[in-house]
1. Looking at the stretch 115-124, is at least one residue assigned to a helix (DSSP H, G or I) and either at pLDDT below 95 or within 16 Å of Tyr54 (Cβ to Cβ) (or both)?
2. Are there any pairs with C-beta distances below 8 angstrom linking a residue in the stretch 90-108 that is of a type in the set (Ser, Thr, Tyr) to a residue that is assigned to a helix (DSSP H, G or I), with the two at least 6 apart or on different chains, and if so which?
3. On the basis of being hydroxyl-bearing (Ser, Thr, Tyr), surrounded by 12 or more Cβ atoms within 10 Å (Cβ to Cβ) and either at pLDDT 95 or above or farther than 20 Å from Leu8 by Cα (or both), does Thr129 make the cut?
4. Condition first: under 17 Å from Ser91 (Cα atoms) and either hydrophobic (A, V, I, L, M, F, W, C) or touching a helix residue (DSSP H, G or I) at 6+ places or on another chain (Cβ under 8 Å) (or both). Now tell me which residues in the stretch 34-49 satisfy that.
Amino acid sequence: MHDHLTELPAKKISKSIQRIWKADDYQLEEMSHGSCLDNGVFFKVITKENVLGYIYSGRVNSCKSGGCSTNADEANLAFEFFEYYMLLDTSKQVIRVKIYNYQATQGHEVMSRGWLNQFRGLEPGKSITFGKDIEAISGATVSASAITKDIQQVLVCM
């Protein structure tokens with residue numbers, strides 16, 4: 001597992017699993033995807049009887065601290081980031097996206113449940129375009145674009 005993802009939001013994920021699948025007795029089984037998902041980890045949600053679905057938890061780099069226009073070659077500046085998880089059904093279609101650790105200084109509007117609901121129903125192989133299929137958000141353009149690209153990459157890796 002990736003170092004920065006060792007602390008999954010267990011309570012939030014558990015609450016989402018109970019809300020979506022009405023399951024109390026489940027396990028998360030980590031799945032391998034090689035180097036396709038460098039900033040995240042995939043889990044299968046299983047019960048004794050069957051597979052309920054999947055969870056992806058990942059980190060999205062938004063801007064360098066110091067601003068989005070900061071020269072990307074300046075290695076001394078760290079990326080601002082946020083972490084999210086996504087629940088998918090057994091056909092790997094997106095059920096819910098939730099941002100749980102927003103560390104960027106701008107763009108908090110991207111955390112809105114209404115905006116995140118745009119990803120519901122996306123499935124592997126379906127191409128999405130930020131600003132067309134996924135609505136842009138004034139004040140959160142960089143974060144909104146970044147999570148859109150990340151979700152697209154996750155769906156390709158599945």
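The values are calculated or read from the model by the stated rules, or taken from the named source; none is laboratory data. Keep in mind that this is a model prediction, so the values were computed, not measured. Note that each Cβ is placed from the backbone with ideal geometry, even for glycine, and that neighbours are counted across all protein chains shown.
1. If we filter the stretch 115-124 for residues that are assigned to a helix (DSSP H, G or I), which is where we start, we get 115-119.
In the following step, the residues that additionally are either at pLDDT below 95 or within 16 Å of Tyr54 (Cβ to Cβ) (or both) were identified as 119.
Yes, the stretch 115-124 contains at least one residue that is assigned to a helix (DSSP H, G or I) and either at pLDDT below 95 or within 16 Å of Tyr54 (Cβ to Cβ) (or both).
2. Partner pairs satisfying both residue conditions: Tyr100/Lys12; Tyr102/His108; Tyr102/Val110; Tyr102/Met111.
3. On the way: hydroxyl-bearing (Ser, Thr, Tyr): yes; surrounded by 12 or more Cβ atoms within 10 Å (Cβ to Cβ): no; either at pLDDT 95 or above or farther than 20 Å from Leu8 by Cα (or both): yes.
Judged against the criteria, Thr129 is not a match.
4. Residues satisfying the conditions are Phe42, Phe43, Val45, Ile46.
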